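Written below as structure tokens is the structure these notes are about.
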Amino acid sequence: MKKYLIRRILQIFPTLFGVSLLSFSLLYLFPGDPAEFVAQIRYGVEPSPQIVEKVRRELGLDEPFLIHYFHWLTHVLRGDFGVSWTEGEPVSKLIMQRLPASAELFFTTFAISVAFAMILGVISAVRKDKAIDHFCRIFSLLGISIPSFWLGLILIWIFSVQFHLLPAFGYGGIEHLILPVLTWSFSFMAIKTRFVRSCLVEALSQDYVVVAKAKGLKERVIVFRHALRNALIPIITYFSLSIHHLIIGSIMVEVVFSWPGLGSLLVESVFKRDFPVVQALVLISGVVFVIVNLIVDLLYAIIDPRIRFGD
């Protein structure tokens, strides 16, 4: 296990290097001259070639690509993502201001989605081809089919415009959290419910389940101690690999509900061509995804003792 842990940790460094290189390259992939854009923001007029060249030197854009990347990476490793071109504030400060709102929305949505997906998936698998199973399958189909932004607008129209029960926009108390969480979790929960059902149905059809039933074990013991535990490996893998879908979905939800999180900050920064903020957010998203995959790999041995990573 220790050898596997060390090997997996070492393996993430090339991936993190690739993520950082891709994030930095965004500055060069977008059309136009960043130095001219920043100069126009700073001085408010059409900048002269001398001013553009001065800004280019200040931003380090006159340096070769690899040298500029090395300087940028050195600062990033110290937690310095640079200064926002449009706000004039440190990028890390802007991110920390938006992080609490995003964290609240993300963890609430993730917890509710996973809990209900597991509950509905287990019920649907255990009561296969019964009325509750048909209901869960229809629910999954609807969740997969309905776009999140459209669902968000419909919920705003119903609960805010028609009945005035919940606020449509903004960040505040729990009443502001309800509609974004419902919108964001609906499709995520529906897809995961379907997957949990499929995995558990397959596990319940295995020979060891037949033997357990022949021994007279209770249904609860068979489902949770035997079938569900064996089905958790693909379920956890699928859930972890879907986190990036949840992160991407947050952008749409935050824009629809004017939620002041990292997703809306990314959209605003793209439209403003505020590259330091875009680079930082893309890099952070990639690092989070890599770390989540590492944690999931390490959880395999705990979930299924048959796995021997050291072999």
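The numbers here are math on the coordinates, done by the rules we state, and not lab data. Keep in mind it's a predicted model, so treat the numbers as computed, not measured. Virtual Cβ from ideal backbone geometry, glycine too; neighbours counted across all protein chains shown.
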**Contacts under 6 angstrom Cβ, first residue in segment 21-48 being among the β-branched types (Val, Ile, Thr), partner part of a helix (DSSP H, G or I) and surrounded by 14 or more Cβ atoms within 10 Å (Cβ to Cβ), 6 or more apart** = 38/55
**Asked** Does residue 84 satisfy being more than 30 Å from residue 232 (Cβ to Cβ) and small (Gly, Ala, Ser)?
**Response** yes
**Message:** Give me the residue from segment 154-177 that is aliphatic (A, V, I, L, M) and exposed (fewer than 14 other Cβ atoms within 10 Å of the Cβ) and, out of that set, nearest to the chain's Cα centre (by Cα).
**Reply:** 174
**Asked** In segment 173-292, which helices (runs of 4 or more DSSP H) lie fully inside it and hold 2 or more residues that are touching a residue at least 24 places away in the same chain (Cβ under 8 Å) and in contact with a helix residue (DSSP H, G or I) (Cβ under 8 Å, 6 or more places away or on another chain)?
**Response** 174-204, 228-241, 243-256, 262-272
**Message:** If I filter segment 178-209 down to residues being under 25 Å from residue 103 (Cβ atoms) and of a type in the set (Ser, Thr, Tyr), which single residue comes out as surrounded by the fewest Cβ atoms within 10 Å (Cβ to Cβ)?
**Reply:** 187
**Request:** Within segment 80-92, identify whether any single residue is in a helix (DSSP H, G or I), under 24 Å from the mean Cα position of the chain (by Cα) and of a type in the set (A, V, I, L, M, F, W, C), and answer yes or no.
**Result:** yes
**Item:** Residue identified as touching a helix residue (DSSP H, G or I) at 6+ places or on another chain (Cβ under 7 Å), aliphatic (A, V, I, L, M) and surrounded by fewer than 18 Cβ atoms within 10 Å (Cβ to Cβ) among 99, 120, 141, 66
**Value:** 99
**Message:** Suppose the filter is among the β-branched types (Val, Ile, Thr), under 30 Å from residue 182 (Cβ atoms) and in a helix (DSSP H, G or I); does residue 109 pass it?
**Reply:** yes
**Message:** Every residue in segment 157-172 that is touching a residue at least 24 places away in the same chain (Cβ under 8 Å) and on the phi > 0 side of the Ramachandran plot, please.
**Reply:** 170
**Asked** Any chance segment 129-151 includes a residue that's more than 16 Å from residue 192 (Cα to Cα), in a helix (DSSP H, G or I), in contact with a Ser or Thr (Cβ under 6 Å, 6 or more places away or on another chain) and aliphatic (A, V, I, L, M)?
**Response** yes
**Filtered residue count, segment 231-254, keeping only those that are farther than 20 Å from residue 288 by Cα and surrounded by fewer than 19 Cβ atoms within 10 Å (Cβ to Cβ)** = 2
